[in-house]
Amino acid sequence: METEVTIIGGGVIGLGIAARLAPKVKSLVLFERHDAWGQEISSRNSEVLHSGIYYAPDSLKAAFCAKGQRMLYELAAEAGIPHRRCGKIIIASSESEEADLLRLKSCGERNGAEGLRLLTGAEVVAREPAVKAVAGLLAPDSGIINAHALMDALAARAQDAGADLIRGAEVTGLEKVSDGWKISYRDADGEDTLTSRVVINSAGLGAQAVMAMAGVDPEAAGLKLHLAKGEYFTVPSKYRNRLNSMVYPVPHKNLTGLGVHTVPDLSGSFKLGPNAFYVNTINYTVDESHAAEFYESARKYLPFLQPDDLVPAMSGIRPKLSAENEPARDFYIRHEAERGAAGFFNLAGMESPGLTSCCAIGDYIAGMVCDYL
Ligand SMILES: Cc1cc2nc3c(=O)[nH]c(=O)nc-3n(C[C@H](O)[C@H](O)[C@H](O)COP(=O)(O)OP(=O)(O)OC[C@H]3O[C@@H](n4cnc5c(N)ncnc54)[C@H](O)[C@@H]3O)c2cc1C
């Protein structure tokens, strides 16, 4: 079997690429090793459509986030994907944090976030009577989306454009051949191969193994993935509809994530999370003893919470390029021709805001691949 383009990984990013690229190429195959889309990172996250406030200006994260958010609101409206533009407020809990809000506002504006507005403590409370705040920064366009419905919609777009999306098929080897790549894969029927001019590595937590198959040494290329776990705790249903917006703390400089915040769902309930700590293995259990630190962080701005409110919910794993205590790194997206892997497009470190950015990333890769072909 032969194809022009192969994508490895059926999470939100691989599917975002498939949806944007399939209409532009002769043939496209996507391999996903699980039987359902996005069973790894894409179904274990906050499902927040970020506005682009936090990312270093001129980074890929900044370039994709605000654009990706607009693209997803459009897609959600067209495809009937459940979502809610509930807005988000970043809370300053002390006067010293007010300066951070100003810094975040100007960074967000540089990154294309629209409608950001500083709020006094009284204005925060007028919007969110259950919250305690010295001041706030409102991001009115932040929202939430159902990630599973999003992946189904992206898959449907790709299939409508002729893509062949194959679940339950794991890529096990890549070999450079004269005009592309010979791809070995294993599915329920056994082992088989396919040749493809272009291979796109969108394997999330498996990206390191896939780039090694293509001859890109992750260590030598500075692309080793470090796993940072994020846990969530639920709060009792009596707090349903207690909050209108998402409520976040000011992120502190040495924090691996954005700080424990509220994660609303589409029913009006909310979870708290995610924390962030480095781990060596992938394991999704939630450590109950972390409830105390969640409570301590969240009660600063959610004074109604009680110590025994928090119940372990779920966790996800971030594929980070930065090791513990290293500065945050940008998304890595590169055609690896210079490393002797012409036709191999490599994505690594696709952590947050990867979900928000999936269609913008799809457009970017589609441009790179079409230039190459
Ligand atoms: C705790 C947490 C919270 C987050 N919150 C947000 C948020 O609120 N907003 C936001 O924008 N982003 C958020 N993110 C980031 C976002 O979830 C990710 O950027 C995004 O889901 C990554 O998608 P992906 O397609 O790269 O990875 P995945 O969804 O993991 O997809 C990769 C796929 O590749 C498959 N695969 C791997 N190896 C192979 C192989 N050899 N053969 C075949 N298939 C293979 C895997 O099975 C997997 O399904 C969060 C992430 C975490 C962990």
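The values are calculated or read from the model by the stated rules, or taken from the named source; none is laboratory data. What you are looking at is a predicted structure, and each value in this text was computed from that prediction instead of being measured. So basically every Cβ, Gly included, is an ideal-geometry build from the backbone, and we count neighbours across all protein chains shown. For accessibility, only protein heavy atoms count, side chains too; no ligands or nucleic acids. Shrake-Rupley method; radii C 1.70, N 1.55, O 1.52, S 1.80 Å.
At 1.4 Å probe size, with the rest of the protein present, what percent of the exposed accessible area of the range 152-276 is carbon and sulfur atoms? With neighbouring chains kept in place, the figure for the range 152-276 is 43 percent.
Would you tally the net charge around ALA139, using a Cβ to Cβ cut-off of less than 12 Å, leaving ALA139 out, and scoring K and R as +1, D and E as -1?
Working: positive: ARG85, LYS88, LYS105, ARG117; negative: GLU109, GLU114, ASP141.
Net charge around ALA139: +1.
Can you tell me the length gained on complete extension of the stretch ARG110 to SER322, counting 0.36 nm per residue apart and subtracting the Cα distance?
73.9 nm
Counting only pairs 8 or more residues apart or on different chains, how many lysine pairs in the range 1-114 have their Cα atoms under 18 Å apart?
4
Of the residues LEU373, LEU101, ranked by 1.4 Å probe accessible area with the largest first, the sequence reads LEU373, LEU101.
Helix 60-79 and the longest principal axis of the Cα set of the chain meet at an angle near 90°. Remark on the range 184-339: Rg and Dmax equal 19.9, 59 Å (Cα only). Taken about its Cα centre, the chain carries a charge dipole of about 900 debye when Lys and Arg each add +1 at the Cβ and Asp and Glu each add -1 at the Cβ.
Under conditions of 25 °C and 0.890 mPa s, the range 111-181 yields 140 µm² s⁻¹ as its translational diffusion coefficient, taking Rh as the Kirkwood radius over Cα pairs in the Stokes-Einstein equation.
Among DSSP beta bridges whose residues both lie in the chain, state the antiparallel percentage, nearest 5. List each step's numbers first, then the result.
Working: 49 of 70 bridges.
Just about 70 percent of them are antiparallel.
Between the range 50-66 and the range 99-153, how far is it from one alpha carbon centroid to the other, in angstrom? Each part reduced to its Cα centre gives a spacing of 14 Å. Sorted largest first, the principal axis extents computed over the alpha-carbon atoms of the chain equal 66, 39, 37 Å.
Hey, got a sec? Which trypsin sites (Lys or Arg not before Pro) in the range 34-141 land in a DSSP loop and have at most 15 other Cβ atoms within 10 Å?
Working: sites: ARG44, LYS61, LYS67, ARG70, ARG84, ARG85, LYS88, ARG103, LYS105, ARG110, ARG117, ARG127, LYS132; in loops: ARG44, ARG85, LYS132.
The qualifying sites are ARG85.
Farthest toward the positive end of the dipole of the range 238-311, out of LEU243, ALA291, PRO274, is the Cα of LEU243, where the dipole comes from beta carbon charges about the Cα centre.
Would you mind checking the tilt of helix 12-21 against the longest principal axis of the Cα atoms of the chain, expressed as 0 to 90 degrees and rounded to 10? Around 50 degrees separate the two axes.
Near MET314: Cβ cut-off under 10 Å, other residues only, Lys/Arg at +1 and Asp/Glu at -1. The net charge is +1.
Taking GluC sites (Glu not before Pro) across the range 14-120, the ones in a DSSP loop with at most 16 further Cβ atoms lying within 10 angstrom of their Cβ are GLU114. Applying a DSSP loop filter and a limit of 16 other Cβ atoms within 10 Å to the GluC sites (Glu not before Pro) in the range 280-373 leaves GLU324.
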